[in-house]
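Asker: The structure that follows is given in the form of structure tokens.
Each value in this text was obtained by applying a stated rule to the coordinates, not by laboratory testing. Note that the structure is predicted; figures quoted are calculated from it, not measured. Cβ coordinates were reconstructed from backbone atoms using ideal geometry, including for glycine residues, and neighbour counts include every protein chain displayed.
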Amino acid sequence: MKILVCEDDNLLLKALEFRLKKDGFEVLTAEDGKKAIEIIDAQKLDCIISDIMMPYIKGLELLSYVRQKFSEKKIPFIILSGINNEATKIESFELGADDYIVKPFIPSELSFRIKKMLK
């Protein structure tokens with residue numbers, strides 16, 4: 001299963017890539033929204049994980065792009081963010097997010113949630 005991880009914190013991005021590969025996923029990474037869109041347009045993805053606050057194109061803009069581009073096939077989209085307020089969470093779900101995980105988080109829990117979504 002191919003997962004795109006979009007995160008501008010390079011240390012966290014590498015840690016997520018390592019953990020998800022260890023859990024058996026094929027992982028593509030993007031450190032900003034522009035690169036994420038390039039990958040989304042070029043690859044067949046099974047799941048997308050994205051931070052909200054990223055350079056160029058924010059995570060919620062990316063979510064909207066994915067939901068419009070793939071309106072016939074719903075790709076699971078997980079928001080991974082340090083923003084822990086009700087309004088942002090609700091906006092994420094209204095835009096079509098499948099899950100919202102607040103940083104800091106437990107990596108094994110993220111893997112479990114992905115596997116559950118992809119069953």
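For every residue, the table says whether it meets (1) of a type outside the set (Ser, Thr, Tyr); (2) closer than 19 Å to GLU26 by Cα.
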site: ILE49; (1), (2): yes, yes
site: ILE52; (1), (2): yes, no
site: PRO55; (1), (2): yes, no
site: GLU72; (1), (2): yes, no
site: SER92; (1), (2): no, no
site: ASP99; (1), (2): yes, no
site: LEU118; (1), (2): yes, yes
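Asker: Take the residues in the range 1-41 that are acidic (Asp, Glu) and touching a residue at least 60 places away in the same chain (Cβ under 8 Å), then tell me which one is nearest to VAL102 (Cα to Cα).
Answerer: The residue in question is GLU7.
Asker: Given SER71, SER50, which one is buried (at least 16 other Cβ atoms within 10 Å of the Cβ), at negative phi and either out of contact with any helix residue (DSSP H, G or I) (no Cβ under 9 Å at 6 or more places or on another chain) or not aromatic (Phe, Trp, Tyr) (or both)?
Answerer: From the options SER71, SER50, the qualifying one is SER50.
Asker: Conditions first: (1) in contact with a strand residue (DSSP E or B) (Cβ under 9 Å, 6 or more places away or on another chain); (2) without any contact (Cβ under 8 Å) to a residue 40 or more places away in the chain. LEU80 passes all but one, so which condition is the exception?
Answerer: (2)
Asker: Quick check on my filter: what residues within the range 42-83 are of a type in the set (S, T, N, Q) and farther than 20 Å from LEU16 by Cα?
Answerer: SER64, GLN68, SER71
Asker: Moving on. Could you look through the range 30-52, keep only residues that are in a helix (DSSP H, G or I) and among the small types (Gly, Ala, Ser), and pick out the one that is farthest from PRO104 (Cα to Cα)?
Answerer: ALA42
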